[in-house]
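Chemist: The structure's right below; bear with me while I get my questions together.
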Amino acid sequence: MSYTLITGASSGIGKAMAYKFAAEEHNLIITARRLEALKEIKKDIEAKDEVKVEVIDCDLSVEENAYKLYEKVKGFELNALINNAGYGNFNFLWDVDLPHMTKMIDLNVKSLSILSTLFTKDYKDKEAQLINVSSIGGYYSMATAATYVATKFYVAAYTESLAQELKANNLPMKAKVLAPGPVETEFVDVANQTAANKIDPSTFGTFHTAEQMADFTYQLYKSDDVVGIVNFADMTFTTRGAIHPAFNL
Ligand SMILES: NC(=O)c1ccc[n+]([C@@H]2O[C@H](COP(=O)([O-])OP(=O)(O)OC[C@H]3O[C@@H](n4cnc5c(N)ncnc54)[C@H](OP(=O)(O)O)[C@@H]3O)[C@@H](O)[C@H]2O)c1
C-alpha cells in the first residue's frame, strides 16, 4: 500500500489536491498546521473514497520540523511527495517585516529542500514522483513580491535541476514543477496580512479554482513532462519540458 504525501493540505490548492488524488485512488498523508481542518478532510474523504488518509500537524517554517515530519512518514511507502505548503507577501522591500520574510524563506525554500532531499535519497531508484509547487512568479519578476518570487524561482530552478540529474543518471524517479497562476484560495488574504498597501485581488485578473489547479496537478502527475505551467495571458495550462536554460556538465 503506497501513499501520496501532500504538504499544505488544510486549505486551497493542497486541500483540493487531497480530494483529487483520493478520487484517483491514492492513499494520503496530509499535513499542515491546522489539525482540525486536516481531520475534517480525512473524515470527508474516507467517507466517500476507498482510501486511507493519515494526518500530521506540522509547522514547516521551523527547520527541525521538516526532519521530524519525514521521520514520521518513514514507515509508509510513498508514491509521491507534493511540496505545496507556502505563502507570499506583498510589500515593497522597504516595507517588509523581516521575521515574516525569513519565516517565508524557511517554509518555501528550506523545508521544501530538506523534504525533497530526504525523499530523493530514499526514492531515486523507484517509480516515485516529487512535485514541487512554484508559481508563474517562479519564472517572472514582480514588484511588491521580490522575496516571494525569488523563493519560487528557487523552487523552479532547484526542481528542474534535480529532474536533469535524475534523467542524466537514468533514474526512474521524476521531479516536476507546478507553476500556478492566480488561484482562488487563502493565498491573497495571507499575503496581504502584513502588506503596507494591500493588493486588490482583481489586479490579478482571472483566477482558477483550487479544484481546477488540482486537476492540472494530476495532469502533470500523469505526464512525462517536467513543468506544468499556467499561461498568464489566457490562463491555459500546459505541461512541457524544463524552462530554465540548462547548463550541461
Ligand atoms: N493561490 C495562488 O494564487 C497561488 C499562485 C501560485 C502559487 N501558489 C502556491 O500554491 C501553494 C498553496 O497555496 P494556496 O494558494 O493553496 O494558499 P493557502 O490556501 O493559503 O494554502 C497554504 C497552505 O500552506 C499551509 N501552510 C502555511 N504556512 C505553513 C507552515 N508554516 N507550516 C506548514 N504548512 C503551512 C497552510 O496550512 P496551515 O495554515 O494550516 O498551516 C495551507 O494548507 C503555495 O506554495 C503558494 O505559494 C499559489
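The values are calculated or read from the model by the stated rules, or taken from the named source; none is laboratory data. This one's a predicted model, so the numbers in the text were calculated from it and none came from an experiment. Reconstructed Cβ throughout: ideal geometry from the backbone, glycine too, with neighbour counts over all protein chains shown.
Chemist: Restricting attention to segment 198-211, does a residue exist that is basic (Lys, Arg) and within 30 Å of Leu98 (Cα to Cα)? So that I can check it myself, show each step before the final result.
Modeler: To start, the set of residues in segment 198-211 that are basic (Lys, Arg) comprises 198.
Subset that is within 30 Å of Leu98 (Cα to Cα): 198.
Yes, some residue in segment 198-211 is basic (Lys, Arg) and within 30 Å of Leu98 (Cα to Cα).
Chemist: Kindly indicate whether any position in segment 20-28 is in a loop (DSSP other than H, G, I, E, B), closer than 22 Å to His208 by Cα, away from the ligand (no atom under 15 Å from the Cβ) and out of contact with any Gly (no Cβ under 9 Å at 6 or more places or on another chain).
Modeler: To start, the set of residues in segment 20-28 that are in a loop (DSSP other than H, G, I, E, B) comprises 24-26.
Filter once more, so that each one left must be closer than 22 Å to His208 by Cα: 24.
With the extra rule that they be away from the ligand (no atom under 15 Å from the Cβ), the set shrinks to 24.
Now drop any that are not out of contact with any Gly (no Cβ under 9 Å at 6 or more places or on another chain), which leaves 24.
Checking segment 20-28: at least one residue is in a loop (DSSP other than H, G, I, E, B), closer than 22 Å to His208 by Cα, away from the ligand (no atom under 15 Å from the Cβ) and out of contact with any Gly (no Cβ under 9 Å at 6 or more places or on another chain).
Chemist: Yes or no: segment 63-71 includes at least one residue that is assigned to a loop (DSSP other than H, G, I, E, B), of a type outside the set (S, T, N, Q), at pLDDT 95 or above and at negative phi.
Modeler: To start, the set of residues in segment 63-71 that are assigned to a loop (DSSP other than H, G, I, E, B) comprises none.
Within segment 63-71 (the criterion being assigned to a loop (DSSP other than H, G, I, E, B), of a type outside the set (S, T, N, Q), at pLDDT 95 or above and at negative phi), the answer is no, since none of the residues qualifies.
Chemist: Among the residues of segment 29-51, which ones are surrounded by fewer than 17 Cβ atoms within 10 Å (Cβ to Cβ), away from the ligand (no atom under 16 Å from the Cβ) and touching a residue at least 24 places away in the same chain (Cβ under 8 Å)?
Modeler: Glu50
Chemist: Go through Leu107, Leu112, Leu130 for me and flag whichever is closer than 30 Å to Met173 by Cβ, touching a strand residue (DSSP E or B) at 6+ places or on another chain (Cβ under 7 Å) and either touching a residue at least 60 places away in the same chain (Cβ under 8 Å) or within 14 Å of the ligand (Cβ to nearest atom) (or both). Show your work before the answer.
Modeler: Numbers: Leu107 fails: touching a strand residue (DSSP E or B) at 6+ places or on another chain (Cβ under 7 Å); Leu130 fails: either touching a residue at least 60 places away in the same chain (Cβ under 8 Å) or within 14 Å of the ligand (Cβ to nearest atom) (or both).
On inspection, the qualifying residue turns out to be Leu112.
Chemist: Oh, and also: So, of the residues in segment 73-101 that are assigned to a helix (DSSP H, G or I) and surrounded by fewer than 14 Cβ atoms within 10 Å (Cβ to Cβ), which turns out to be farthest from the ligand (Cβ to nearest atom)? So that I can check it myself, show each step before the final result.
Modeler: If we filter segment 73-101 for residues that are assigned to a helix (DSSP H, G or I), which is where we start, we get 73, 93-95, 98-101.
Imposing the further condition that a residue be surrounded by fewer than 14 Cβ atoms within 10 Å (Cβ to Cβ) reduces the set to 93-95, 98-99.
On the way: Leu93: 18, Trp94: 23, Asp95: 20, Leu98: 17, Pro99: 13 Å.
Here the residue is Trp94.
Chemist: Mind checking which residues of segment 207-227 are of a type in the set (Lys, Arg) and more than 15 Å from Ala23 (Cβ to Cβ)?
Modeler: none
Chemist: Continuing with the same structure: Might you check whether a residue that is acidic (Asp, Glu) and within 14 Å of the ligand (Cβ to nearest atom) occurs anywhere in segment 144-160?
Modeler: Applying the first criterion (acidic (Asp, Glu)) to segment 144-160 yields 160.
So of that shortlist, the ones also within 14 Å of the ligand (Cβ to nearest atom) come out as none.
There is no residue in segment 144-160 that is acidic (Asp, Glu) and within 14 Å of the ligand (Cβ to nearest atom).
Chemist: When you scan segment 182-194, how many residues do you find that are out of contact with any helix residue (DSSP H, G or I) (no Cβ under 8 Å at 6 or more places or on another chain) and either more than 7 Å from the ligand (Cβ to nearest atom) or of a type in the set (Asp, Glu) (or both)? It would help to see each step written out before you state the result.
Modeler: Initial filter on segment 182-194 (out of contact with any helix residue (DSSP H, G or I) (no Cβ under 8 Å at 6 or more places or on another chain)): 189-190, 192-193.
Subsequent filtering for residues that are either more than 7 Å from the ligand (Cβ to nearest atom) or of a type in the set (Asp, Glu) (or both) retains 189, 192-193.
Qualifying residue count, segment 182-194: 3.
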